[in-house]
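Colleague: Structure in structure tokens, see below.
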Amino acid sequence: MGERFDGVITTEAELRALYRMPSEVVVQKVLASLDVHARTFISAAPFVLAGTASPDGTSDVSPKGGPPGFVVVLDDEHLAIPDLSGNNLLDSIANIVNGSGVGLLFLIPGMDETLRVNGLACVTTDPSVLDSCAVKDHRPRAAIGVTVTQQYMHCAKAFRRSELWNATSWPDRSVLPSLGCILRDQMAAFEGVPTDKLDQMLEADYAATLWQPGGDERRS
């Protein structure tokens, strides 16, 4: 670890030698539970990034999406994120089962500020929780339960630097490979399969499984 890089910082003291301490205003904005503004933001957010850590020290960030408010606020200290169909690698939820906490970044399209929520996490099949976070009339088989330890609004600098919501700054999609092209080049199983056929297969799968609960689809 670190062999590719020189000047690796290994202590918080070394880190603080490079960075000033946060201002009192920044410290005060970190809250231990969900206030009315956090609740409002979550109710309007159709997208959240969930970061977890594995026992070996590697990490995972998984995108979660749904209608605005698909992440359910159970009370001032608890959230539930429904588990919808994915690739079944189970990276995030396996990390959680193995003891990881979770870091959440909620996004609202067109808004440069984001909401950060950190907390303890579990994977739950509690019937009352699953009932509360049904999506498009589909009740999940499991949900990520979050016990909030920190929440705060994150400033707009990263989004303004990237011009993320500015369509005129977006790259020409035609010069980028489609997912079908990428899979064809990366996977021996798809060698020689036309890219347009793979793209059609992917779109058909999206249409068939978009709102399906995560788990064994054969039980649907």
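Colleague: Check segment 147-157 and report whether any residue there is under 12 Å from Ala80 (Cα atoms), modelled with pLDDT of 95 or more and either open to solvent by 20 Å² or more (accessible area, probe 1.4 Å) or not hydroxyl-bearing (Ser, Thr, Tyr) (or both). Before you say what the answer is, go through the steps one by one.
Modeller: Kept after step one, since they are under 12 Å from Ala80 (Cα atoms), are these residues of segment 147-157: 147-148.
From the residues that got through so far, the ones that are modelled with pLDDT of 95 or more too are 147-148.
Within this subset, residues satisfying the condition of being either open to solvent by 20 Å² or more (accessible area, probe 1.4 Å) or not hydroxyl-bearing (Ser, Thr, Tyr) (or both) are 147-148.
Among the residues of segment 147-157, at least one is under 12 Å from Ala80 (Cα atoms), modelled with pLDDT of 95 or more and either open to solvent by 20 Å² or more (accessible area, probe 1.4 Å) or not hydroxyl-bearing (Ser, Thr, Tyr) (or both), which makes the answer yes.
Colleague: Give segment 53-84 a look and list any residue that's of a type in the set (S, T, N, Q), open to solvent by less than 40 Å² (accessible area, probe 1.4 Å) and over 15 Å from Phe106 (Cα atoms), or say none. So that I can check it myself, show each step before the final result.
Modeller: Looking only at segment 53-84, we keep the residues that are of a type in the set (S, T, N, Q), and these are 54, 58-59, 62.
Applying the additional criterion that residues be open to solvent by less than 40 Å² (accessible area, probe 1.4 Å) yields 54, 62.
The one that is of a type in the set (S, T, N, Q), open to solvent by less than 40 Å² (accessible area, probe 1.4 Å) and over 15 Å from Phe106 (Cα atoms): Ser54.
Colleague: Return yes or no: is Thr195 among the β-branched types (Val, Ile, Thr), under 30 Å from Leu115 (Cβ atoms) and open to solvent by less than 60 Å² (accessible area, probe 1.4 Å)? Can you show your working first?
Modeller: Numbers: among the β-branched types (Val, Ile, Thr): yes; under 30 Å from Leu115 (Cβ atoms): no; open to solvent by less than 60 Å² (accessible area, probe 1.4 Å): yes.
No.
Colleague: Which numbered condition trips up Ser85, out of (1) farther than 24 Å from Gln212 by Cβ; (2) at pLDDT below 95?
Modeller: (1)
Colleague: Now, a different point. Of the residues that make up segment 97-109, is at least one of a type in the set (Gly, Ala, Ser), out of contact with any Gly (no Cβ under 6 Å at 6 or more places or on another chain), at positive phi and outside any strand (DSSP E or B)?
Modeller: Kept after step one, since they are of a type in the set (Gly, Ala, Ser), are these residues of segment 97-109: 99-101, 103.
Filter once more, keeping what is out of contact with any Gly (no Cβ under 6 Å at 6 or more places or on another chain): 99-101.
Adding the requirement that they be at positive phi leaves 99.
Subsequent filtering for residues that are outside any strand (DSSP E or B) retains 99.
Scanning segment 97-109, I find at least one residue that is of a type in the set (Gly, Ala, Ser), out of contact with any Gly (no Cβ under 6 Å at 6 or more places or on another chain), at positive phi and outside any strand (DSSP E or B), so the answer is yes.
Colleague: Looking only at segment 72-117, count every residue that is within 23 Å of Ala156 (Cα to Cα) and in contact (Cβ under 8 Å) with a residue 60 or more places away in the chain and tell me the total. Show your work before the answer.
Modeller: As a first pass, look at segment 72-117 and keep what is within 23 Å of Ala156 (Cα to Cα): 102-117.
Narrowing further to those that are in contact (Cβ under 8 Å) with a residue 60 or more places away in the chain: 106-109, 115, 117.
Of the residues in segment 72-117, 6 are within 23 Å of Ala156 (Cα to Cα) and in contact (Cβ under 8 Å) with a residue 60 or more places away in the chain.
Colleague: Also: Checking Arg173 against (1) open to solvent by 80 Å² or more (accessible area, probe 1.4 Å); (2) farther than 20 Å from Gly66 by Cβ; (3) in contact with a helix residue (DSSP H, G or I) (Cβ under 9 Å, 6 or more places away or on another chain), which single condition isn't satisfied?
Modeller: (3)
Colleague: Might you check whether a residue that is part of a loop (DSSP other than H, G, I, E, B) and more than 25 Å from Leu84 (Cα to Cα) occurs anywhere in segment 194-212? Steps first, answer last, please.
Modeller: Step one: of segment 194-212, the residues part of a loop (DSSP other than H, G, I, E, B) are 194, 210-212.
From the residues that got through so far, the ones that are more than 25 Å from Leu84 (Cα to Cα) too are 194.
Within segment 194-212 (the criterion being part of a loop (DSSP other than H, G, I, E, B) and more than 25 Å from Leu84 (Cα to Cα)), the answer is yes, since at least one residue qualifies.
Colleague: Out of Arg39, Arg20, which single residue is at pLDDT below 95, open to solvent by 70 Å² or more (accessible area, probe 1.4 Å) and of a type in the set (Lys, Arg)?
Modeller: Answer to the selection: Arg20.
Colleague: Kindly indicate whether any position in segment 112-119 is assigned to a loop (DSSP other than H, G, I, E, B) and either modelled with pLDDT of 95 or more or of a type outside the set (A, V, I, L, M, F, W, C) (or both).
Modeller: Filtering segment 112-119 for residues assigned to a loop (DSSP other than H, G, I, E, B) gives 112-113.
Then drop every residue that is not either modelled with pLDDT of 95 or more or of a type outside the set (A, V, I, L, M, F, W, C) (or both), which leaves 112-113.
There is at least one residue in segment 112-119 that is assigned to a loop (DSSP other than H, G, I, E, B) and either modelled with pLDDT of 95 or more or of a type outside the set (A, V, I, L, M, F, W, C) (or both).
Colleague: Keeping to segment 142-162, report how many residues are closer than 14 Å to Leu115 by Cβ and in contact with a His (Cβ under 8 Å, 6 or more places away or on another chain). Lay out the reasoning, then the answer.
Modeller: So the first thing to find is which residues in segment 142-162 are closer than 14 Å to Leu115 by Cβ, and the list is 146, 148, 150-156, 158-159.
Now narrow it down to the ones that are in contact with a His (Cβ under 8 Å, 6 or more places away or on another chain): 146, 148, 153.
Summing the residues that are closer than 14 Å to Leu115 by Cβ and in contact with a His (Cβ under 8 Å, 6 or more places away or on another chain) in segment 142-162 gives 3.
Colleague: Only one residue in Ser132, Ser162 is free of Cβ contacts under 8 Å to residues at least 40 places away in the same chain and either in contact with a Ser or Thr (Cβ under 7 Å, 6 or more places away or on another chain) or polar (S, T, N, Q) (or both). Which one? Reasoning before the result, please.
Modeller: Details: Ser132 fails: free of Cβ contacts under 8 Å to residues at least 40 places away in the same chain.
Only one candidate passes the filter, namely Ser162.
Colleague: Using beta carbons and a limit of 6 Å, which pairs, at least six apart or on different chains, have the first residue in segment 193-209 and at negative phi and the second one loosely packed, with under 14 Cβ neighbours inside 10 Å?
Modeller: Once the first residue is at negative phi and sits in segment 193-209, its partners that are loosely packed, with under 14 Cβ neighbours inside 10 Å give Leu202/Leu179.
The values are calculated or read from the model by the stated rules, or taken from the named source; none is laboratory data. Please read these numbers as outputs of a predicted model, since none were measured by experiment. We place every Cβ from the backbone using ideal geometry, glycine too, and count neighbours over all the protein chains shown. We work out accessible area using only protein heavy atoms, side chains counted, and drop any ligands, DNA or RNA first. Shrake-Rupley method; radii C 1.70, N 1.55, O 1.52, S 1.80 Å.
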